Amino acid sequence: MRPLDYSKTYLLGTNPENEVRFWVESRTRVIDERSGKTEDFLQCASCKSEDTFAKRNLFLEDNYDFLPIFGPEYGLIFRRKAWRNPNYKSCLKTSEMFGGPTRHLQEHARYKNLNTAEDIIRFTHEFYPVVAQTEIRHDDSELRAIIEYPVKTLNIRKSDVAYQIDTGPVSFPNLFVRHERLVDSINLAFVAFNSAHFADFIVEESTPIGNKRETTDTHVYHFSRRISLAASNRLYAGL
C-alpha cells in the first residue's frame, strides 16, 4: 500500500448547503481473507459541534467532539460529550454523509522506507514527514488490517539508537470478532510502537471516572482499554 501524503489528502462533501472539507488523519484497510473483500476507512480530523454559517454563537452550548470516518458503503460519526452520551457512535451510509464525499487521496510521489532505527533518527532530525503502516492479523477470524497514519509524535534517543512513535486517533478494527459489516468493527484508538514486530493500542470506550473507579457510576468516553498485538510496522519518509 503506497503511503499517502497526508498534507494533501482530503475529503470534500457534495451537499451544496455545506461543502465541508475534512482533513484525512488515517486510513485503515480491512481485508477479509475468507471472502476476499477489502474496504478502506478514512478517519478525518476532529472538530467541535457548531451552528454552521450562523451570525453569532457558532459553538453549540452542549458541545461535543465530532469525528467522522468514511468507508466505501458505510461510515461512522463519533460524538463525544462531557458525559456518556447514548449517540456516541452512529453508523450511516456514506452517501448520506454530507451528500457523499469526493476523495482526494494524494500518494507520496517519492518516499524512502526507513528500515533501521538509524534511518528513523536521521530523517527525524532532517524534518521529513513520516508515515507509518501497522499491519495486524487474527488467525481465527481470518481478518487482516493495515492501519496507516502520519506520525505526529516521534521519540528518539541517540545513545542507544532507540525510537518510539505515539499517534492518534486512528481507526482501529476489532479483528477478534467477525461482523456482518466491516464498519461495525471500527473503534478509535491511539497507537504506539518502538520495534517492527508489535504495536500497543489504547482504545476509546466507556470508562468510569474518579479515584474509586470500581464503585463509581459516572462514566465518560475515554482512551482507556490497552491492547498489545503482534504487528508488522513500517515507516516511510516522504521525499
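Determine the shape class of region 6-65: with a ≥ b ≥ c the square roots of the Cα gyration tensor eigenvalues, call it rounded for a/c under 1.5, and otherwise prolate if a/b is greater than b/c, oblate otherwise. Since a/c reaches 1.5 and a/b is larger than b/c, the shape of region 6-65 is classed as prolate.
Toward the positive end of the charge dipole of region 167-239, with +1 on the Cβ of Lys and Arg and -1 on the Cβ of Asp and Glu, the farthest Cα among V183, Y236, F172 is that of Y236.
Taking 8 Å as the Cα distance limit and 6 or more residues as the minimum spacing, I'd like the relative contact order of region 99-177 as a percentage. With pairs under 8 Å counted, the relative contact order is 25 percent. Protection proxy ranking for 176-187, 64-75, using the average of other Cβ atoms within 10 Å per residue and placing the highest first: 64-75, 176-187. Shape analysis of region 52-180 places it in the prolate category; the axes a ≥ b ≥ c from the Cα gyration tensor give an a/c of at least 1.5, with a/b above b/c. Take each peptide in 195-201, 54-60, 86-92, 157-163, count the other Cβ atoms within 10 Å of every residue, and average; sorted highest first, the result is 195-201, 86-92, 157-163, 54-60. Only one of (i) 1.22; (ii) 0.96; (iii) 1.07 was calculated from the structure for Cα Rg over 2.2 N^0.38 Å, and its label is (iii). Residues whose amide H comes within less than 5 Å of that of F172, counting only those at least five positions distant or on another chain, are N187, L188, A189 (H built at 1.01 Å from N in the peptide plane).
Overall shape: oblate for region 129-216, with the ratio a/c of the largest to smallest alpha carbon gyration tensor axis at 1.5 or above and b/c at least equal to a/b. The relative contact order of region 81-239 comes to 26 percent, based on Cα pairs under 8 Å that sit 6 or more residues apart. Positive end of the dipole of the chain (Cβ unit charges, origin at the Cα centre): among A145, T102, S7, the Cα lying farthest that way belongs to S7.
Look at where the Cα atoms of region 217-239 and of region 49-115 average out, and the two centres are 19 Å apart. Do the alpha carbons of any pairs in K48/K158; K8/K48; K48/K112; K48/K93; K8/K112 sit beyond 29 Å of each other, and which pairs? Among K48/K158; K8/K48; K48/K112; K48/K93; K8/K112, the Cα-Cα distance tops 29 Å for K48/K158; K48/K112.
Rule-based calculations on the coordinates, nothing more; no lab input. Computed from a predicted model, the values in this text were never measured in an experiment. Every residue, glycine as well, gets a Cβ built from its backbone with ideal geometry; the counts of neighbours run over all protein chains shown.
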